[in-house]
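Below you'll find the structure, written out as structure tokens, and then a few comments.
The values are calculated or read from the model by the stated rules, or taken from the named source; none is laboratory data. Bear in mind the structure is a predicted one, so any value in this text is a computation, not a measurement. Heads up, the Cβs are rebuilt from the backbone with ideal geometry, glycines too, and the neighbour counts pull from every protein chain shown. Remember, those area values only see protein heavy atoms, side chains included, never the ligands or the DNA or RNA. Shrake-Rupley method; radii C 1.70, N 1.55, O 1.52, S 1.80 Å.
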Amino acid sequence: MAALSLLCSLLTVWTSWLVLPLFVFGPLAIYLGWKSYKQASAHLPRMKPGRRLVALAPMLIGIAAIPGALVFLNATYRA
């Protein structure tokens with residue numbers, strides 16, 4: 001799940017010029033990151049803060065990829 005979330009985050013940035021995948025891959029990356037976190041926390045109910053942050057990393061990267069792609073699109077778009 002974490003690898004799929006990171007792949008969707010990467011596709012969000014690479015295909016941001018198409019605009020439509022921005023609204024598909026971005027939320028999908030966040031959802032898969034959340035599922036990955038839930039899967040990791042189910043196995044280890046009492047996680048240390050460092051492990052919790054590592055488990056949350058794919059979701060946080062997915063959240064950061066959307067504004068990053070929008071900034072890239074805004075900076076490079078010319079009418």
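Could you check M1 against (1) of a type outside the set (S, T, N, Q); (2) touching a Ser or Thr at 6+ places or on another chain (Cβ under 9 Å); (3) at pLDDT 90 or above and say which number it fails?
(3)
Going through L7, L53 one at a time, which residue ends up being open to solvent by 80 Å² or more (accessible area, probe 1.4 Å), over 16 Å from I66 (Cα atoms) and in a helix (DSSP H, G or I)?
Residue meeting the stated conditions: L53.
Taking the conditions exactly as written (outside any helix (DSSP H, G or I) and either loosely packed, with under 13 Cβ neighbours inside 10 Å or in contact with an Asp or Glu (Cβ under 6 Å, 6 or more places away or on another chain) (or both)), does P45 satisfy them or not?
yes
Being open to solvent by 80 Å² or more (accessible area, probe 1.4 Å) and among the hydroxyl-bearing types (S, T, Y) is the filter here, so list the residues in the stretch 56-79 that pass it.
Hit for the stretch 56-79 is Y77, nothing else.
For the condition within 18 Å of L6 (Cα to Cα), small (G, A, S) and either at pLDDT 85 or above or touching a His at 6+ places or on another chain (Cβ under 6 Å) (or both), what is the one hit in A75, A57?
Answer to the check: A57.
For the stretch 10-40, which residues satisfy the criterion of being of a type in the set (S, T, N, Q) and crowded, with 19+ Cβ neighbours inside 10 Å?
T12, S16, S36
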